[in-house]
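I have a structure here, written as structure tokens, and I will follow up with some questions on it.
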Amino acid sequence: MASINPTRGQFAALRDVPQDAPVLMINLLRFNKVAEYAAGDPESGAAPVSGETAYGRYAAETLEIVLAAGGSQDWIGKPMLTVIGPGDEAWDHAFVARYPSSRAFMDMVKNPDYQRAVRHRNAATADSRLICCAEAAPGKTFLAGSSE
């Protein structure tokens, strides 16, 4: 089942994440071949663009908002293959964004300018995942905080 936006419950659960520590947001994106703008959107009657192009519009329109919230991009990559996971689950784009806190992230996505730009993300993505993580020191056993 495709997931484009969080459910109310998922967004509400962010309130339970510690508010005083940085969060890392793992983003996995699968783009639509052709962006699917909603009826009535100014882009819906325009020349078709790829989902990746529409996502680029979203990124351009939200960059200053992300930076103002204290956000940054810590890592970006081009997924090549799902080694463990459903065989039909493939991703076009992956990145990790850092925010000073889950509160900063929640405030950012409530920003009216951010909300206006989300239409490009919605048109761009066929499926996505957003995983909120606490930062931990890497361990020798690939377990966070492990010293062995």
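Identify, by number, the condition in (1) touching a helix residue (DSSP H, G or I) at 6+ places or on another chain (Cβ under 7 Å); (2) outside any helix (DSSP H, G or I) that residue 114 doesn't meet.
Evaluating residue 114 over (1) touching a helix residue (DSSP H, G or I) at 6+ places or on another chain (Cβ under 7 Å); (2) outside any helix (DSSP H, G or I) leaves (2) as the failure.
What number goes with the only condition from (1) more than 15 Å from the chain's Cα centre (by Cα); (2) surrounded by 13 or more Cβ atoms within 10 Å (Cβ to Cβ); (3) farther than 16 Å from residue 129 by Cβ that residue 71 does not pass?
(1) is the only condition that residue 71 fails.
Hey, another quick one. Can you go through 121, 30 and tell me which one is within 13 Å of the chain's Cα centre (by Cα), assigned to a helix (DSSP H, G or I) and modelled with pLDDT of 95 or more?
Working: 30 fails: assigned to a helix (DSSP H, G or I).
Of the residues listed, the single one that is within 13 Å of the chain's Cα centre (by Cα), assigned to a helix (DSSP H, G or I) and modelled with pLDDT of 95 or more is 121.
Additional query: From the residues in the stretch 22-67 that are without any contact (Cβ under 8 Å) to a residue 12 or more places away in the chain and among the hydrophobic types (A, V, I, L, M, F, W, C), which one is surrounded by the most Cβ atoms within 10 Å (Cβ to Cβ)?
By that ranking, first place goes to 59.
Pick out the one residue from 104, 94 that is part of a helix (DSSP H, G or I), under 27 Å from residue 134 (Cβ atoms) and of a type in the set (A, V, I, L, M).
Only one candidate qualifies: 104.
Now for a separate question. For the structure I just gave you, tell me whether residue 88 is in contact (Cβ under 8 Å) with a residue 24 or more places away in the chain and not polar (S, T, N, Q). If you could, list the steps in order and put the result at the bottom.
Details: in contact (Cβ under 8 Å) with a residue 24 or more places away in the chain: no; not polar (S, T, N, Q): yes.
In short, no.
Within the stretch 81-104, count every residue that is of a type in the set (A, V, I, L, M, F, W, C) and modelled with pLDDT of 95 or more.
6
The values are calculated or read from the model by the stated rules, or taken from the named source; none is laboratory data. Predicted model, so just to flag it, every value in this text is computed and none were measured. Quick reminder, even Gly has a Cβ in these numbers, built from the backbone with ideal geometry, and neighbours come from all protein chains shown.
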